[in-house]
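Peer 1: The structure under discussion is supplied below as structure tokens; questions concerning it will follow.
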Amino acid sequence: MSRIAVIGGGIAGCTAAAELAAAGQQVLLIEKEDSLGGNIKNYGCKADSLCTRCNLCLVDSVFNQVHQEENIEVLFDTTVIDCLKEDEGFTLITSSGELEEQQPDISEVILATGHTRWSELETGTPEIFRDERIIWASDFEDMLEGRQDQLTGQNLKFDLGFEPESAVFLQCNGSRSLQEKARYCSKVCCGYNYRIARVLRNNFPEMDLSMFFIDMQEAGFLVNLSREDLKEREIDYYNCKPLRLEKEKDSLILHYEDQQRGKMATLETDLLVLSEGIHPGSNHERWARIFNLQENEDGFLRTIWSPAESGIYLAGTITSPGDIATTMAESKTVAYKLLENKLSKAKV
Amino acid sequence: MAEYTSKLEQLLEEGEFVVCSEMGPPIGADPEFIREKCDDLKGYVDAVNITDNQTAIIRMSSIAAAKIAMEEGLEMIIQVTGRDRNRIGIQSDLLGASALGLRNVLCLTGDHQCFGNDEDAKNVFDLDSVSIIKACQQMTEEGKLINGNELKTEPPELYYGGAHNPFADPFEMHMMKLEKKIEAGMKFIQTQCIYNLEKFDYWMEEVRKRGLHEKCHIMAGILPTRSVKALKMMKKFVAGMDVPDYTIERMEAADDKKAEGVQMAVDIINHVKEIEGVRGVHLMPVAWEEITPVVVEKANLYPRPEV
Amino acid sequence: MIVGKLKDVAEIKEMLPEDIESLLIIGCGTCVSVSLAGGEREANSLRDLLELYYSSQGQDVRVNATTIKRQCDDEFIETEELSIEGHDVVLSLACGVGVQHLGIKHPEKIILPGVNTTFYGRNADVGEWEEMCLGCGDCILDDFAGVCPVARCSKSLIHGPCGGSQDGKCEVDDEIDCGWELIYNRAEDTGQLDRLLEYEGPKDWSTYRDGGVRSHKNPEFFSE
Amino acid sequence: MSGSIEQYDVAYIGQALPDDELSQVTIPVSALTECRGEIGDFTLSFQAEDDLKQVRASNIVINLKHQEELPVDCCTSLLEAEANLAEEEEPLIIVQDYQDLSAAALSKEGLELALEVKESNPAREVYYFYQAMRFMDNNDELYEKAREKEVIFLKHDLGDLEITDKGKVSYQREDIKLELTGELTVAPELKPAAKLDKLARIFNITRGPEGYLQVDNIYLQPTLSGKRGVYLLAGARGPNSLTYEQEEIQYTLQEVKRNLTGVEEIDEEERTVDDQKCVVCYTCYRLCPHGAIQRDEELNSMKIMPLACQACNLCISRCPMGAISRSGEDEQQPKDERQVIICENSAALAREKAETDPFADTVVTEVPCVSTVKKEEIYQRLANHKSDLLILGCISESCKHLTGHDRCEQVVNTAKEDLEKLDLDPDRVNYHRLSPRMATDLSAYLADWKGEVLQ
């Protein structure tokens, strides 16, 4: 029996795989790491005292489903290096360590290899940001995952080597900058950092918190960020990007233009938290070549041929930045679409 | 019909600008308490209301207290509420009051007992203010009880009024109640105390439009205060009180709060005096009864006319 | 519908005799079930709670629970007669009617009330009830635009609001709607404002309990 | 009347979606009177001319426009503005975020309008006032292009923007001072579609805090309603539904089509209402977060719709007559050990994520939702065993059954109060909420809890 190959075991790939398997399809899931989960594998819950609707609650049951589903075979530590077009469907050439293998009888391929975070890129951390007081927002994930404040009532523990009394969140790193090869808005970072800021506010009521935005974005299907909301939580709002960073012994000093007063102003902080833009995954060139896809000007992928004809589908952040909920919804849609096409093909 | 002997009625009918005041009977049985209070008021006011277990706090009966005060030479208005007595008790009391020479009655529904110290009490509310007015009217003018039975001896001689809050919302609903009271025969009204003059002016305008001021005599309620706190408390906690912010600001700005309180009362009196249809004032200083003569003098309402 | 409220469990504990050996809790499957006060759920959880209590006290008390469809009718009670006789004390979770009806049927049994019968009301939201009727025996809703001044005004005034009505709320409590404002608004909406101006005279209370304990017969079921 | 009722794949309340493959019927909100049945076979009654008509539909999509509120008079709504391409002299003024921040879809409309005007008439001045440019689709490209074409972008939260009743716009920020009149187009505030209260009643679904038909819950994303087979779009769904409009439509159509291939019951258990016990009090109907309960008119009893039911068991734990039962009800009582009741959607997942099983030496009952827990069960467990009882549910807005967390907390709180009133220890039963990602927290808490219990 033919199988559907899903490449990438992150939330996009797993959502699609689970849907297909539930509909009775055989699925081959190919994951380059040794476990499922991709980027969000070890993310922590971002509830403050209430749910902030980060959607992480949704993902573990999907990963578990993939593990338990009999119709899904998972290949770990495996990458796809080529794709051979057959009369009916494809054969994928996979590589696992030294071992190269053929995976025949593939009827369709869903490519869901996700994105690269700006922090993972060499260029992401210029000299100026090399300082223990400057961290990436995602550096909070381990602290969040390990926190014991909801049930045991302790504070979130900083894993920084010092206890900051203030923090500034700097939005639009690795986004909206030609210099950083991302003229686009990554859309998810405002909501992401906002949630972390809320957790900090809840754990440290006395902490000074500020956020610098170029343009504040919505934060998903359910959350509408607003200045009123930030004000209520006593998170200061700056509608600009700082122009200069000065590193003093006792604090970091951000110079920014106070446009209301038309003057330069400064803000001191113990901790600077950088948002991180979503960048295209590292294998996009290869995927474009072997699956006959096109890179858009930002490096994300799109199909040239209709998936119904080509049998190649794209799911998740491989096509553009997106948050967990959008990724899951879109991946489900892709799976349903594939099933529908398969069904109508069978009828013909 | 016997000749009226209510002094209040005579003054109002003669077109005098009337001054009333208010007195709470003691929580106890000491008649001296009342007599002392009477000394302060004598000559400064035309009639004095005596409350009927106001805010549901038990005090000496208003009729007994009024009788004592009357003997001191004051004209009294007994307040009667429907909270504590049913139609049998109320009518019987009214007959008794008239027999004692107490001729003025202020008919009220009564505060709910939850405001007092006897929240557990069963309330009556068999008659509300409109029904009490109606009972007075039927007994006085027709010599009949509510049940239609004729009185067997002389009917009482009562001069009866009611209260109204010009600031209560919705306006039309409360106007409806006022009209019902007038329809039932109410002769005079005493209003809730006034701070918001714009709103009071508007109310009077509506009253005149409907011709109500020609059917009953209107006395404006005046409540002199001596602190910002008191004003704020009233604004916040007294249902239906309308204390505008500018009043509070004025008091806040004053150095001598007592003098300012008196001046504010005087200003309000001077304002309402000029309004067509306002036939008097009703002074009700809370826990500051000694100020009544001062306000009366300052407002050029002293001395009071003789009947 | 008759609305009830389960009594505070501490009060129930106090009313139970100290030397009790067996207790039967009887829920009622009609009004108090619908008002979530004394149905099977409450009867069973009260049973379990009291069992927990007595065992923690080292007291050996047999606690049972059953629910009767309607405690105010003979036929429903009869099925539980043996069970009732087999316990020292009965705790009825019916309204006051059911408790007394059990008493009439079982003249030598201690019957205790487990529910406070609160009022005749409507369901305002799940788990929330509002008083609507007093059972005064002389319905005057036609005169008041269909809103009862007797049940829904805290002073049962029939000639209009008292001075304590403010912003649609009652002087007794901000949580209580002013019944008169409801009457007024509905009269306005239904074009019946003029009727409110009529003087009604004081209400006839003889049909209420002021006329003595009430009972009545439907003549279709009785001959002279 | 039945037999001949027409059957459709999907019934649209409001506007239909373009799709050739689905058979569909459209019913205006105002005509709709009743909805019975469940996913796969809904029966909708509605007023058609003078008749009451009925249709059957497998799915329902509620697709209604937002109500729009313009913050000022004498301007055009950005959602309705059409580019005026005539040789206009007066400037085009676009304002978004005048009060609250506008949804990303409005930025898109604004940018497209600005570009269209600039492209046909480069000399015409276009002013764009905003607080935050919101991005979706290709907004970033449009924004870049608009800047190139010299659309004048001005952030108004950094200055003072005022629009008078007559449509005069004044803006002041440090050295910039503008007094403008021209063609004024303002982003409207989007409000829930009209008559959603009626629809909430007809479909028996709960409305969210802002009045939309979708409550804020992560399990309902993107277009689910809580009631299986009923989907929500646009002004019925939420404030930023336009941002994801295309994705939401695609998702919904695909779901509808998938449903047509067959829908299964959520689990194998059977939940039944004893029609002899049911007093038709409607408590279950009102509480059910999934709109899965209806009245069986023949039996005069409530009934649970098996496909709509999502197995949270809230109805069972709250039925005043104990009239609802389920086949899989666990009669087994745990032995005299520490007892924990956990939700399969949170604590159970956290347990799997933990390095060592935090529940080792503990008797764990896994439930589909903590709203399963009955008050009597709490007392029974405390009576039968010396040990304490711990119940772990989900965080409110990530409760798969929407209300389970709150419902269980209500039961536990009243149980605690009653225990206290009888001088029994209320701390013998505890309730906490957590997310699947709180494995560390859970392990630490359980270590503490076990320690205390053992003492």
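Peer 1: Just give me the residues in the stretch B:90-116 being in a helix (DSSP H, G or I), more than 13 Å from every other protein chain (Cβ to nearest Cβ) and either in contact with a strand residue (DSSP E or B) (Cβ under 6 Å, 6 or more places away or on another chain) or surrounded by fewer than 24 Cβ atoms within 10 Å (Cβ to Cβ) (or both), in sequence order.
Peer 2: Selection gives B:Ser92, B:Asp93, B:Leu95, B:Gly96, B:Ala97, B:Ser98, B:Ala99.
Residue-wise test of (1) part of a loop (DSSP other than H, G, I, E, B); (2) among the hydroxyl-bearing types (Ser, Thr, Tyr); (3) within 14 Å of another protein chain (Cβ to nearest Cβ); (4) surrounded by fewer than 20 Cβ atoms within 10 Å (Cβ to Cβ).
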site: A:Glu218; (1), (2), (3), (4): yes, no, yes, no
site: A:Asp229; (1), (2), (3), (4): no, no, yes, yes
site: A:Lys249; (1), (2), (3), (4): yes, no, no, yes
site: A:Leu254; (1), (2), (3), (4): no, no, no, no
site: A:Leu272; (1), (2), (3), (4): no, no, no, no
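Peer 1: Go through the residues of the stretch C:71-79 one by one and say whether even a single one is under 19 Å from the mean Cα position of the chain (by Cα), farther than 28 Å from C:Asp19 by Cβ and more than 7 Å from chain D (Cβ to nearest Cβ).
Peer 2: Yes, there is a match, as at least one residue in the stretch C:71-79 is under 19 Å from the mean Cα position of the chain (by Cα), farther than 28 Å from C:Asp19 by Cβ and more than 7 Å from chain D (Cβ to nearest Cβ).
Peer 1: Something else about it: A:Thr52 fails exactly one of the following numbered conditions: (1) within 26 Å of A:Leu92 (Cα to Cα); (2) at the interface with chain D (Cβ under 9 Å from one of its Cβ atoms); (3) among the hydroxyl-bearing types (Ser, Thr, Tyr). What is the number of that condition?
Peer 2: All conditions are met except number (1).
Peer 1: Now a separate question. Among the numbered conditions (1) aromatic (Phe, Trp, Tyr); (2) touching an Asp or Glu at 6+ places or on another chain (Cβ under 8 Å); (3) surrounded by 19 or more Cβ atoms within 10 Å (Cβ to Cβ), tell me where A:Phe140 comes up short.
Peer 2: Among (1) aromatic (Phe, Trp, Tyr); (2) touching an Asp or Glu at 6+ places or on another chain (Cβ under 8 Å); (3) surrounded by 19 or more Cβ atoms within 10 Å (Cβ to Cβ), the lone unmet condition for A:Phe140 is (2).
Peer 1: Here is a follow-up. On the basis of being surrounded by fewer than 24 Cβ atoms within 10 Å (Cβ to Cβ) and either out of contact with any Gly (no Cβ under 7 Å at 6 or more places or on another chain) or farther than 22 Å from A:Tyr336 by Cβ (or both), does A:Leu28 make the cut?
Peer 2: yes
Peer 1: Would you check if A:Glu19 is within 21 Å of D:Gln254 (Cβ to Cβ), among the charged types (D, E, K, R) and in contact with a Lys or Arg (Cβ under 7 Å, 6 or more places away or on another chain)?
Peer 2: Taking the combined requirement at face value, the residue satisfies it.
Peer 1: Name the strands (runs of 3 or more DSSP E) wholly within the stretch D:353-440 that hold at least 1 residues that are surrounded by fewer than 21 Cβ atoms within 10 Å (Cβ to Cβ) and over 34 Å from the mean Cα position of the chain (by Cα)?
Peer 2: D:363-367
Peer 1: Kindly indicate the residue of the stretch B:117-136 that is among the polar types (S, T, N, Q) and within 11 Å of chain C (Cβ to nearest Cβ) and also nearest to B:Ile63 (Cα to Cα) among those meeting that condition.
Peer 2: B:Ser129
Here's the yes/no breakdown for (1) under 17 Å from B:Glu276 (Cα atoms); (2) part of a helix (DSSP H, G or I):
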{"residue": "B:Met175", "(1), (2)": "no, yes"}
{"residue": "B:Ile182", "(1), (2)": "no, yes"}
{"residue": "B:Tyr195", "(1), (2)": "no, no"}
{"residue": "B:Phe200", "(1), (2)": "yes, yes"}
{"residue": "B:Glu206", "(1), (2)": "yes, yes"}
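Peer 1: Scan (1) more than 7 Å from chain D (Cβ to nearest Cβ); (2) surrounded by fewer than 24 Cβ atoms within 10 Å (Cβ to Cβ); (3) not in a loop (DSSP other than H, G, I, E, B); (4) not small (Gly, Ala, Ser) for the single condition C:Ile20 breaks and write down its number.
Peer 2: Evaluating C:Ile20 over (1) more than 7 Å from chain D (Cβ to nearest Cβ); (2) surrounded by fewer than 24 Cβ atoms within 10 Å (Cβ to Cβ); (3) not in a loop (DSSP other than H, G, I, E, B); (4) not small (Gly, Ala, Ser) leaves (3) as the failure.
Peer 1: Of the conditions (1) of a type outside the set (S, T, N, Q); (2) within 29 Å of the chain's Cα centre (by Cα); (3) within 9 Å of chain B (Cβ to nearest Cβ), C:Glu188 fails just one. Which one is it?
Peer 2: C:Glu188 satisfies every listed condition except (2).
Peer 1: I would also like to ask the following. Tell me which strands (runs of 3 or more DSSP E) are completely within the stretch A:17-132 and hold 1 or more residues being over 24 Å from A:Cys172 (Cβ atoms) and out of contact with any Leu (no Cβ under 6 Å at 6 or more places or on another chain), or say none if there are none.
Peer 2: Ranges flagged: A:27-30, A:72-75, A:79-85, A:90-96, A:99-111.
Peer 1: Just the residues that are surrounded by fewer than 22 Cβ atoms within 10 Å (Cβ to Cβ) and at the interface with chain D (Cβ under 10 Å from one of its Cβ atoms), please, taken from the stretch A:61-95.
Peer 2: Matches in the stretch A:61-95: A:Ser61, A:Asn64, A:His67.
Peer 1: Looking only at strands (runs of 3 or more DSSP E) that fall completely inside the stretch D:74-179, which ones have 2 or more residues that are polar (S, T, N, Q) and either away from every other protein chain (no Cβ under 14 Å) or without any contact (Cβ under 8 Å) to a residue 60 or more places away in the chain (or both)?
Peer 2: Output list reads D:169-173.
Peer 1: Taking the residues in the stretch D:222-232 that are within 13 Å of chain A (Cβ to nearest Cβ) and surrounded by 24 or more Cβ atoms within 10 Å (Cβ to Cβ) as candidates, determine which candidate is farthest from D:Leu101 (Cα to Cα).
Peer 2: Looking at the filtered set, the residue picked out is D:Tyr231.
Peer 1: Shifting gears a bit: State whether the residues of the stretch D:99-120 include one that is surrounded by 15 or more Cβ atoms within 10 Å (Cβ to Cβ), among the polar types (S, T, N, Q) and at negative phi.
Peer 2: Looking for residues that are surrounded by 15 or more Cβ atoms within 10 Å (Cβ to Cβ), among the polar types (S, T, N, Q) and at negative phi, one finds at least one in the stretch D:99-120, hence yes.
Peer 1: Starting from the stretch C:105-127, take each residue that is within 14 Å of chain D (Cβ to nearest Cβ) and list its partners that are surrounded by 15 or more Cβ atoms within 10 Å (Cβ to Cβ) and among the acidic types (Asp, Glu), counting only C-beta distances under 8 angstrom and pairs at least six apart or across chains.
Peer 2: C:Gly121/C:Glu130; C:Gly121/C:Glu131; C:Arg122/C:Glu130; C:Ala124/C:Glu130
Peer 1: Just to be sure before I move on: is C:Val63 under 17 Å from D:Val279 (Cα atoms), touching a helix residue (DSSP H, G or I) at 6+ places or on another chain (Cβ under 9 Å) and either within 12 Å of another protein chain (Cβ to nearest Cβ) or in a loop (DSSP other than H, G, I, E, B) (or both) in the structure I sent?
Peer 2: no
Peer 1: If C:Ser56 satisfies all but one of (1) out of contact with any strand residue (DSSP E or B) (no Cβ under 9 Å at 6 or more places or on another chain); (2) over 30 Å from D:His385 (Cβ atoms), what's the number of the condition it fails?
Peer 2: (2)
Peer 1: Hey, another quick one. So, in the stretch B:168-179, of the ones that are touching a residue at least 12 places away in the same chain (Cβ under 8 Å) and crowded, with 22+ Cβ neighbours inside 10 Å, which residue ends up nearest to the other protein chains (Cβ to nearest Cβ)?
Peer 2: Among those residues, the one meeting the criterion is B:Lys177.
Peer 1: If you check B:Met241 against the conditions, is it touching a residue at least 12 places away in the same chain (Cβ under 8 Å), in contact with a Lys or Arg (Cβ under 8 Å, 6 or more places away or on another chain) and of a type outside the set (Phe, Trp, Tyr)?
Peer 2: yes
Peer 1: What's the number of the only condition in (1) within 12 Å of chain D (Cβ to nearest Cβ); (2) within 17 Å of the chain's Cα centre (by Cα) that A:Ile318 fails to meet?
Peer 2: So A:Ile318 meets the others, but not (1).
Peer 1: Something else about it: Limited to the stretch A:294-324, what total is found for residues that are assigned to a loop (DSSP other than H, G, I, E, B), in contact (Cβ under 8 Å) with a residue 24 or more places away in the chain and among the aliphatic types (A, V, I, L, M)?
Peer 2: Going through the stretch A:294-324 one residue at a time, the tally reaches 1.
Peer 1: Something else: Of all the residues that make up the stretch D:375-431, how many are within 7 Å of another protein chain (Cβ to nearest Cβ), in contact (Cβ under 8 Å) with a residue 24 or more places away in the chain and not hydrophobic (A, V, I, L, M, F, W, C)?
Peer 2: So the answer is 6.
Throughout, read-outs are computed from the coordinates displayed, never taken from laboratory work. On a predicted model such as this, the values are computed, not experimentally measured, just so you know. A quick note on method: Cβ atoms are made from the backbone with ideal geometry, for glycine too, and the neighbour counts reach across all protein chains shown.
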